[in-house]
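To start, the structure itself, in structure tokens.
The values are calculated or read from the model by the stated rules, or taken from the named source; none is laboratory data. Keep in mind the model is a prediction, meaning the values are calculated, not measured. FYI the Cβ positions are ideal-geometry reconstructions off the backbone, even for glycines, and counts take in every protein chain you see.
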Amino acid sequence: METLTAAAPAGSFFPSFLLLACGTLVAALLGCAHRLGLFYQLMHKVDKASIQHGGENVAAVLRAHGVRFLFTLVGGHISPILVACEKLGIRVVDTRHEVTAVFAADAVARLTGTVGVAAVTAGPGLTNTVTAVKNAQIAQSPVLLLGGAASTLLQNRGALQAIDQMALFRPLCKFCASVRRVRDIVPTLRAAMVAAQSGTPGPVFVELPVDVLYPYFIVQKEMVPAKPPKGLVARMVTWYLENHLANLFAGAWEPRPEGPLPLDIPQASPQQVQRCVEILSRAKRPLVVLGSQALLPPTPADRLRTAVETLGIPCFLGGMARGLLGRNHPLHIRQNRSAALKKADVVLLAGIVCDFRLSYGRVLSRSSKIIIVNRNRKEMLMNSDMFWKPQEAVQGDVGSFVVTLAEGLKGQTWASDWAEELRQADRQKEQTFREKALTPVGQHLNPVRVLQLVEEILPDNTILVVDGGDFVGTAAHLVQPRGPLRWLDPGAFGTLGVGAGFALGAKLCRPDAEVWCLFGDGAFGYSLIEFDTFVRHKIPVIALVGNDAGWTQISREQVPCLGSNVACGLAYTDYHKAAMGLGAQGLLLSREKDQVVEVLRDAQQQCREGHPVVVNILIGRTDFRDGSIAV
């Protein structure tokens, strides 16, 4: 007996009928889908011949939010954004490294109270920004990072520079979104802008795949085959691509609101403020420590200064609050913070957290009443279960709180001997500095004396950018900011390499100010190439490089503790000549102490004539900062 096989005989009726039926059904489905796609395009007005592109939507939102500068390093993924911003009058400033672009955006955010914006290309362009984004996160700076990406259809398929960018930036940013359709660009960017500024400010990230940025006809050319497809599978693939394209651009150019959304800024309750008024009204030795959060909008710096003066309480200033009271204000105490905190009976920590800068809270006396105010509740209570306890913890905007507190305490006075005791400690410390400045060093110039001379000649409109270790740590004791929002340091992350980006953003925001950058020679290596950026974009800044031929902040402790200077040595490099090779002006200071002021004046003049300047200052080593590093 013959056995039946699974295969039907050639010419069998059933398989032929099945193939014909399936083919007819697929063709019908394809026809319906094609007609549905055409209907979808018609309903949403997809103009296949339009030269409009998603970059224009991006630029429109930025302009509506008052963005004046876009920092970038060019890449094909983001070219439509750059071109559209240029057309709308947003100044596009290209840097030599993506991290500099984000540092520049960070500086704009800090100095203006608005969102700073950077755009970089996909993959390595984005990974190059990670340090700057993390720095902005810890410094609570509202930065919008726009990142290019592979086409929506080619992600996870081995496309050029395609990685999981969202996974990379979610831990670093308050808000992360990947735009999948052109019509979503505007609402996504508006949401990102409000997230960056609401609550505790911070960086946000929006990923913009290349096919949502370029015009329809270019995307269609790349996505859909030019010739009519042959074969069932090819027709199905083409149908899928056509409908994906239709959905990508559907409704792309319909009018949408582009302007800012309302911000959500937490405020202290009247009851909390009143409790703090009562605590402070009973104080004999009160002390205020103000941090960067105090300078956030909506409270203007001049109004905050008036409130601090009304309080009449001695204060320490840190971060962006440095310079709030100007130079030599009787309420501003600059030295011996730890000792002062131990003596105070009430301490107001306004925008300051108990991290390593306050020895995790251990510098606070157990007998002191601590009031702390911060927008971020988690940070506000950091280490409170170990080394300190707040009498009153207020989650709210710091500047508004201080203004309201001052109104509640108006007329309250404190014993003048408390402030005088703190000022006397300041004077004693400053006398020590003068003695250090006169101490001979083994070779070259004494950095303490150099920085004292810098302090003497800085004009009132100076913005100080600091980037480095030992030289900058010394400068923090000797060089005073001339006013509020005139001191830019990396913040609690302790990042090296911020200098060029911060200087770039600062000079663009404040073109009438003199921007002085204080660099250690190690840190300057990160920023040197950006003097090409300064030259090309006509950004005159002054860089003072404290060149002691080493990573001195590290070797200062590494050598006595571990007995080796390994990896800490550098050379007395001719940084001024390198800057000249990039088109900037370069000056050298080495042994002629009486020429320091003359050379610095020369640098000022060169800068006023429109030239970026590098002053290479060869310095010796002192014991000024011995014991400054703790582990």
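Applying the selection to the stretch 52-111, what residues are over 19 Å from residue 207 (Cα atoms), in contact with a Pro (Cβ under 9 Å, 6 or more places away or on another chain) and among the small types (Gly, Ala, Ser)?
Hits for the stretch 52-111 are 64, 66, 109.
Pull up the stretch 200-252, narrow it to residues that are part of a loop (DSSP other than H, G, I, E, B) and of a type in the set (Val, Ile, Thr), then point me to the one that is farthest from the chain's Cα centre (by Cα).
For the stretch 200-252, the residue satisfying everything is 224.
Being in contact with a Gly (Cβ under 9 Å, 6 or more places away or on another chain) and surrounded by fewer than 24 Cβ atoms within 10 Å (Cβ to Cβ) is the filter; apply it to the stretch 136-157 and report the residue that is modelled with the lowest pLDDT.
150
Mind listing whichever residues of the stretch 90-134 are closer than 22 Å to residue 485 by Cα, hydroxyl-bearing (Ser, Thr, Tyr) and part of a helix (DSSP H, G or I)?
Residues satisfying the conditions are 100, 112.
Please verify whether residue 398 is buried (at least 22 other Cβ atoms within 10 Å of the Cβ) and either of a type outside the set (Phe, Trp, Tyr) or touching a Phe, Trp or Tyr at 6+ places or on another chain (Cβ under 6 Å) (or both), treating the condition exactly as stated.
Criteria met by residue 398.
So, of the residues in the stretch 422-441 that are part of a helix (DSSP H, G or I) and in contact (Cβ under 8 Å) with a residue 24 or more places away in the chain, which turns out to be surrounded by the most Cβ atoms within 10 Å (Cβ to Cβ)?
Top of the filtered list is 422.
Tell me which residues, restricted to the stretch 70-104, are acidic (Asp, Glu) and in contact (Cβ under 8 Å) with a residue 24 or more places away in the chain.
Selection gives 94, 98.
Answer with yes or no whether residue 88 is touching a strand residue (DSSP E or B) at 6+ places or on another chain (Cβ under 9 Å), of a type outside the set (D, E, K, R) and modelled with pLDDT of 95 or more.
It is false that residue 88 is touching a strand residue (DSSP E or B) at 6+ places or on another chain (Cβ under 9 Å), of a type outside the set (D, E, K, R) and modelled with pLDDT of 95 or more.
Quick one: would you say residue 255 is assigned to a loop (DSSP other than H, G, I, E, B) and either at pLDDT 95 or above or in contact with a Leu (Cβ under 6 Å, 6 or more places away or on another chain) (or both)?
Judged against the criteria, residue 255 is not a match.
Yes/no matrix, rows are residues, columns are (1) at pLDDT below 95; (2) surrounded by fewer than 18 Cβ atoms within 10 Å (Cβ to Cβ); (3) at negative phi; (4) not in a loop (DSSP other than H, G, I, E, B):
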{"site": "524", "(1), (2), (3), (4)": "no, no, yes, yes"}
{"site": "540", "(1), (2), (3), (4)": "no, no, yes, no"}
{"site": "553", "(1), (2), (3), (4)": "yes, no, yes, yes"}
{"site": "583", "(1), (2), (3), (4)": "no, yes, no, no"}
{"site": "595", "(1), (2), (3), (4)": "yes, yes, yes, yes"}
{"site": "624", "(1), (2), (3), (4)": "yes, no, yes, no"}
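List the pairs whose first member sits in the stretch 442-462 and is among the basic types (Lys, Arg), whose second member is not in a loop (DSSP other than H, G, I, E, B), and whose Cβ atoms are under 9 Å apart, counting only residues at least 6 apart or on separate chains?
If the second residue must be not in a loop (DSSP other than H, G, I, E, B), the pairs left are 449/436; 449/437; 449/593; 449/596.
Among the residues in the stretch 135-143, are any in a loop (DSSP other than H, G, I, E, B), under 9 Å from the mean Cα position of the chain (by Cα) and at positive phi?
yes
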